[in-house]
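What follows is a set of notes on a single structure, which appears directly below.
The values are calculated or read from the model by the stated rules, or taken from the named source; none is laboratory data. All of these numbers come straight from a predicted model, not from anything done at the bench. Neighbour counts run over all protein chains shown; Cβ positions are idealised from the backbone, glycine included.
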Amino acid sequence: MFRFLRLRLTLLYLLGALLLVAGVDSAVYLLLQKQNQTSIDIALEHRAALALHEVGEPLPAALARGEQEWYAGRGGLPTIAAVPTSGENSETEVGGNGETTPAPAVASAAVWQTGEPEFDAELSPITLAAIRADGGVDILTGAKNLSVQTESVSVALQTGLDFRTIDGSSGSRIRLLTLRLVGVPGYSALQVGRSLTDQDRTMANLAMVLLEAGAAFAAVLGAVSWWLSGRALRSAQEAWDKQQAFIAHAGHELRTPLTMIRAAAEVTQRKLPAGDGRREPVAEIISETDRMNQLVGDLLLLSRLDAGALAIEREPIDLAPMVEEIVRSFGRVAAERKVTVRAGPIPSRAIGSENRLRQVLLIVLDNALRHAPEGSAIEIGNSAAGKKILLTVRDHGEGIPPEDLPHVFERFYRGRSEGAEGGSGLGLAIARELVEAMRGKIRIASEPGWGTTVTIELEAAG
């Protein structure tokens, strides 16, 4: 039992630690992903700003802010001279507050610088394209097979600027910035794009490293969690072992005096003449001694089950002869209560322990007999459900109240059913422990006024 508790506690510790690790890894991954995207967006804004400076196009406020962030980590904002156009020298200066002074109107469409300028390494893969008013594309720098992103252009023409991530023709993702042009004759928009292949590869490698580190960390955490759970349960295990040892020793010590009391009572009962009034209390002594003996036996059995000291061999069981013998022997006891015990066809074979299954059936039958009214019948049935065998025991008594039904397998629980004879409250608890030890299941269904059905589910043999 404690091994199972230790395993559950270990899994609980491990789950908590893994959730913490997963949270940290996710935060690191998302933070780096956001930082990469922000860096790329600023680079695209800077490259677009340079292109606008070339043609004397005023910078939108968003690009001016991007320019500020770009140069903030590079020693401050420089003064940028525009490229001469149409024989005139024009100049656009970007101030520290991001404000721009527009250059004179451009007189010709052939104003773009097509040479590859010297850029920071972050800008090297950037593609620059000018969208003509007729819908054509002039690739100024970078990839020559860039196609026009009409949706992005449409949005930019309406709002002035559009940022989005698209899927390229090769399957790689592309970060795209589209700007509306108002002072460049023959052109309507400018697109600046950059492939995210390197960033995606880097993030994929980071995710793999985090997963591998997480797996290694999980192995270490598993070992540490197992050790911690063992320490946490050590005192409880010791107390439990002492309790089980005490119950076992006390049970054995009690059985001897109980046997002697019963023997003395039987001798006294035989010596008393018939009709002697003292015979009745002596008979009660014998009955109570038997009940105490049964209780001690039940406690010892539960103690062995809890300690895992009860060896239960699982082997094929022929149910038909076993049930037939139980019906014959228990039927005689039931006949004294004017209750009939009968069984339908039992052709199945199950996996379990025949002696322990017999004990379970007798517990269930005894419990049913206490609740069965005179003249009624207790029925034993058998059916197959896939690879499982179902044994059912049904009585036609008063049933179990709904408030008692969830507790009937609890130790020492005694239901409040009217007319039920007193019991120790251990029978069904022992039945459940034995069935589960045979890797089966036991469940109970009842409807007040109509009776109770107990179902024992075992693995089918062959």
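Exactly one residue among L221, L254, L206 is at pLDDT 80 or above and touching a helix residue (DSSP H, G or I) at 6+ places or on another chain (Cβ under 6 Å), and that residue is L221. With the condition kept exactly as written, say whether any residue in region 225-241 is modelled with pLDDT of 85 or more and aromatic (F, W, Y). Checked region 225-241: no residue is modelled with pLDDT of 85 or more and aromatic (F, W, Y). Which of the following residues is aliphatic (A, V, I, L, M) and within 21 Å of P321 (Cβ to Cβ): A377, A368, A384, A372? One residue alone meets the criteria, A384.
Residue by residue through region 172-190, note down the ones that are assigned to a strand (DSSP E or B) and of a type outside the set (A, V, I, L, M). Selection gives R173, R175, T178, R180, Y187, S188.
Let's see how each residue does on (1) under 17 Å from A49 (Cα atoms); (2) more than 42 Å from the chain's Cα centre (by Cα); (3) in the same structural domain as A49 (by TED's automatic domain parsing):
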| position | (1), (2), (3) |
| --- | --- |
| Q149 | no, yes, yes |
| V153 | no, yes, yes |
| G160 | yes, yes, yes |
| G171 | no, no, yes |
| L206 | no, no, no |
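None of R255, R342 is in a strand (DSSP E or B) and closer than 30 Å to E436 by Cβ except R342. Looking across I430, I351, one residue alone is assigned to a helix (DSSP H, G or I), touching a residue at least 60 places away in the same chain (Cβ under 8 Å) and out of contact with any Ser or Thr (no Cβ under 7 Å at 6 or more places or on another chain). It is I430. Just to be sure, is A335 in contact with a strand residue (DSSP E or B) (Cβ under 9 Å, 6 or more places away or on another chain) and assigned to a helix (DSSP H, G or I)? Against the criterion (in contact with a strand residue (DSSP E or B) (Cβ under 9 Å, 6 or more places away or on another chain) and assigned to a helix (DSSP H, G or I)), A335 qualifies. Determine if region 6-18 includes at least one residue that is surrounded by fewer than 18 Cβ atoms within 10 Å (Cβ to Cβ) and over 30 Å from W226 (Cα atoms). No, that holds for no residue. So, S172, is that one more than 14 Å from E57 (Cβ to Cβ) and either surrounded by 13 or more Cβ atoms within 10 Å (Cβ to Cβ) or polar (S, T, N, Q) (or both) or not? In short, yes. Would you mind stating whether A215 is under 30 Å from L12 (Cβ atoms), modelled with pLDDT of 80 or more and among the small types (G, A, S)? So A215 passes the test. Restricting attention to region 28-79, the residues being surrounded by fewer than 18 Cβ atoms within 10 Å (Cβ to Cβ), closer than 15 Å to R180 by Cα and at pLDDT below 80 number 2.
The numbered conditions (1) crowded, with 16+ Cβ neighbours inside 10 Å; (2) touching a strand residue (DSSP E or B) at 6+ places or on another chain (Cβ under 7 Å); (3) at pLDDT 85 or above are all true for L434 except (2). Scanning region 325-341 for residues that are surrounded by fewer than 14 Cβ atoms within 10 Å (Cβ to Cβ) and either under 24 Å from G440 (Cα atoms) or under 42 Å from the mean Cα position of the chain (by Cα) (or both) returns a single hit, E325. For G214, the conditions (1) farther than 27 Å from D25 by Cβ; (2) surrounded by 12 or more Cβ atoms within 10 Å (Cβ to Cβ) all hold with the exception of (1).
Determine whether region 362-374 contains at least one residue that is surrounded by fewer than 16 Cβ atoms within 10 Å (Cβ to Cβ) and under 22 Å from E457 (Cα atoms). So far as region 362-374 goes, yes, one or more of its residues are surrounded by fewer than 16 Cβ atoms within 10 Å (Cβ to Cβ) and under 22 Å from E457 (Cα atoms).
Quick one: in region 375-397, which of the residues that are over 41 Å from the mean Cα position of the chain (by Cα) and surrounded by 20 or more Cβ atoms within 10 Å (Cβ to Cβ) is farthest from K441 (Cα to Cα)? The residue in question is G397.
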